[in-house]
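Worksheet: the structure to be examined is printed underneath.
The values are calculated or read from the model by the stated rules, or taken from the named source; none is laboratory data. Just so you know, these numbers come straight off a predicted model, no measurement behind them. Counting neighbours? That spans all protein chains shown, and the Cβs are built from the backbone with ideal geometry, glycine included. In case anyone asks, the SASA skips ligands and DNA or RNA and just uses the protein heavy atoms, side chains included. Shrake-Rupley method; radii C 1.70, N 1.55, O 1.52, S 1.80 Å.
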Amino acid sequence: MGVKGFVEGGIASIVAGCSTHPLDLIKVRMQLQGESHVPNPAVQTLRPALAFQTTTTTTSSAIHMPPPPARVGPVATGIKIFRTEGVAALFSGVSATVLRQTLYSTTRMGLYDILKQKWTDKETKTMPLSRKITAGLIAGGIGAAVGNPADVAMVRMQADGRLPVSQRRNYTSVVDAITRMTKQEGVTSLWRGSSLTVNRAMLVTASQLASYDQIKEMILENGLMKDGLGTHVAASFSAGFVAAVASNPVDVIKTRVMNMKVEAGQKPPYAGALDCAIKTVKSEGPMALYKGFIPTISRQGPFTVVLFVTLEQVRKLLKDF
């Protein structure tokens with residue numbers, strides 16, 4: 001039964017990941033908006049805390065900060081990608097998505113299923129919400145640690161098109177991305193942002209899987225709908241919304257840390273997750289942590305629906321195995 005849970009979860013995750021990949025790419029592009037904004041050269045030598053002071057000293061009075069670039073919505077972002085890079089660009093990094101879902105989602109879905117079977121009350125056939133959340137936290141954390149290399153590769157491949165041609169990495173596949181990263185930046189680069197990936201995965205898995213099971217149980221117990229497609233869609237979309245709200249701030253920081261370009265002998269743009277969060281909030285405001293929320297929920301909703309609807313169907317097909 002343990003292996004079966006991994007197989008079922010893996011198939012459903014790969015189908016969901018590939019079908020919603022363009023939405024995920026748009027989300028990544030939106031999360032990186034404003035990051036490449038270069039301030040007045042006079043400010044670049046100052047520490048972030050000093051660069052944004054409004055004192056009346058001679059230095060600060062000579063500094064004129066240009067306004068940040070206008071933020072572009074998900075539809076406009078999608079159209080821009082289509083016009084400037086072509087329709088194929090919407091599937092940039094899809095090979096990394098397949099590998100990520102194979103490693104990360106297969107692991108988290110399988111482990112959650114195992115914990116769910118062990119912690120479910122054999123008499124009532126129910127599992128308390130607290131245990132569902134705990135199972136999600138454990139499964140998500142382990143799955144993220146396993147799948148981080150593919151996650152880094154996916155973010156970079158999705159973000160590559162927004163860079164100037166001379167600065168693009170031009171990875172040809174997820175294998176090429178991982179190989180070049182290992183050679184050029186070391187093996188540790190494959191786990192760049194891993195703490196963020198683990199934190200996000202714990203939040204997503206706990207909120208997504210626990211919410212789905214809990215909402216599905218509530219619908220069935222109250223007789224609102226029968227156990228069928230309607231119930232699966234309603235429960236999964238609700239779970240997707242909960243997961244998007246909980247994970248978006250961590251996702252923004254994770255995307256920026258993973259995408260940062262580290263040049264040999266130069267100081268990296270961010271010293272770590274906390275440094276990235278502080279710089280992002282200082283330069284772009286607190287709501288920058290919810291950049292890309294619309295495409296996040298637009299992607300998380302359909303992803304979660306496809307994930308659980310496919311999972312329920314796969315379970316029916318494999319019930320005799």
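Apply the Karplus parameterisation 6.51 cos²θ - 1.76 cosθ + 1.60, with θ equal to phi minus 60°, to every residue of the stretch 258-273 and state each ³J(HN,Hα) to the nearest whole Hz, in sequence, with x for glycine and proline.
Running phi through 6.51 cos²θ - 1.76 cosθ + 1.60 with θ = phi - 60° gives 5, 7, 4, 9, 9, 8, 4, x, 10, 6, x, x, 10, 7, x, 5 Hz.
Dipole magnitude of the chain about its Cα centre, charges +1 at Lys/Arg Cβ and -1 at Asp/Glu Cβ only, in debye to the nearest 20? Before the final figure, lay out the partial values.
Numbers: 36 positive and 21 negative charges, 89 e Å.
In total the dipole reaches around 420 debye.
If the cut-off is 24 Å between C-alpha atoms, which lysines fall inside it for Lys183, apart from same-chain ones fewer than 8 positions away?
Straight-distance partners of Lys183: Lys254, Lys261, Lys267.
Report the full-extension gain for the segment Ala88 to Leu129: residue separation times 0.36 nm, less the Cα-Cα distance, to one decimal in nm. Write out the running numbers ahead of the final one.
Working: separation 41, 0.36 × 41 = 14.76 nm, distance 4.20 nm.
Gain on extension, Ala88 to Leu129, equals 10.6 nm.
Which lysines have a Cα less than 21 Å from the Cα of Lys319, not counting those fewer than 8 places away in the same chain?
Answer for Lys319, where 21 Å is the Cα cut-off: Lys4, Lys116, Lys118, Lys122, Lys125, Lys216, Lys226, listed by chain and number.
Using θ = phi - 60° and the Karplus curve 6.51 cos²θ - 1.76 cosθ + 1.60, what whole-Hz ³J(HN,Hα) does each residue of the stretch 126-141 get, with Gly and Pro shown as x?
10, 9, x, 4, 4, 6, 5, 5, 4, 4, x, 4, 5, 5, x, x
From the residues Ile133, Val281, Asn170, which one has its Cα farthest along the dipole of the chain in the positive direction, the dipole being from +1 and -1 charges on Cβ of Lys/Arg and Asp/Glu about the Cα centre?
Working it through, the farthest residue towards the positive pole turns out to be Asn170.
Between Ile278 and Asp227, what length in nm is gained on full extension when 0.36 nm per residue of separation is reduced by their alpha carbon distance?
Working: separation 51, 0.36 × 51 = 18.36 nm, distance 4.59 nm.
Result for the pair: 13.8 nm of gain on full extension.
Using alpha-carbon pairs under 8 Å, 6+ residues apart, how would you state the relative contact order of the stretch 194-289 in percent? The partial results should precede the final answer.
Working: 77 pairs, mean separation 27.6, N = 96.
Rounded, it is 29 percent for the stretch 194-289.
When only Cα pairs under 8 Å and 6 or more residues apart are kept, what is the percent relative contact order across the chain? Numbers along the way, then the final one.
Numbers: 435 pairs, mean separation 81.1, N = 321.
Result for the chain is 25 percent.
With the radius of gyration and the Kirkwood radius both derived from the Cα set of the stretch 85-160, what is their ratio Rg to Rh?
Working: Rg = 16.6 Å, Rh = 13.9 Å.
Ratio value, two decimals: 1.19.
Roughly what angle does helix 293-317 make with the longest principal axis of the chain, taking Cα atoms, 0 to 90 degrees, to the nearest 10?
Tilt relative to the chain: about 30 degrees.
Taking the Cα centre of the stretch 194-289 as the origin, how large is its charge dipole in debye, to the nearest 20, when only Lys and Arg (+1) and Asp and Glu (-1) carry charge on their Cβ atoms?
Numbers: 9 positive and 8 negative charges, 92 e Å.
The dipole of the stretch 194-289 has a size of about 440 debye.
Per 0.36 nm of contour for each residue apart, how much would the distance between Ala76 and Ser173 grow if the chain were fully extended, relative to their Cα-Cα spacing? Working shown, then result.
Numbers: separation 97, 0.36 × 97 = 34.92 nm, distance 2.68 nm.
That works out to 32.2 nm of additional length.
Calculate, for Val187 and Ala234, the FRET efficiency according to 1/(1 + (r/R0)^6) with r their C-beta to C-beta distance and R0 35 Å; round to the nearest 0.05.
Details: r = 44 Å, r/R0 = 1.26.
That pair, Val187 with Ala234, gives E of 0.20.
What percentage of all Cα-Cα pairs in the stretch 208-321 are separated by more than 20 Å?
On the way: 3571 of 6441 pairs.
Within the stretch 208-321, distances greater than 20 Å cover 55 percent of Cα pairs.
Taking 41 Å as R0, compute the FRET efficiency from the Cβ-Cβ separation of Leu220 and Val245 and round it to 0.05. All intermediate terms of the calculation are to be shown ahead of the outcome.
On the way: r = 24 Å, r/R0 = 0.60.
Computed FRET efficiency for Leu220 and Val245 comes out at 0.95.
Helix 194-221 against the longest principal axis of the chain: what's the angle in degrees, Cα atoms only, rounded to the nearest 10?
40
For the chain, what % of the accessible area comes from carbon and sulfur atoms, probe 1.4 Å?
Numbers: 10250 of 15660 Å².
Its accessible area is 65 percent carbon and sulfur atoms.
Listed highest first by mean packing, meaning other Cβ atoms within 10 Å per residue, what order do 282-295, 195-208 come in?
Working: 282-295: 17.9, 195-208: 24.4.
Ranked by mean Cβ neighbours within 10 Å, highest first: 195-208, 282-295.
Charges on Cβ only, +1 for Lys and Arg, -1 for Asp and Glu, centred on the Cα centroid of the stretch 194-289; of Ser194, Thr231, Leu209, which one is farthest towards the dipole's positive end?
About the Cα centre, the residue reaching furthest to the positive side is Ser194.
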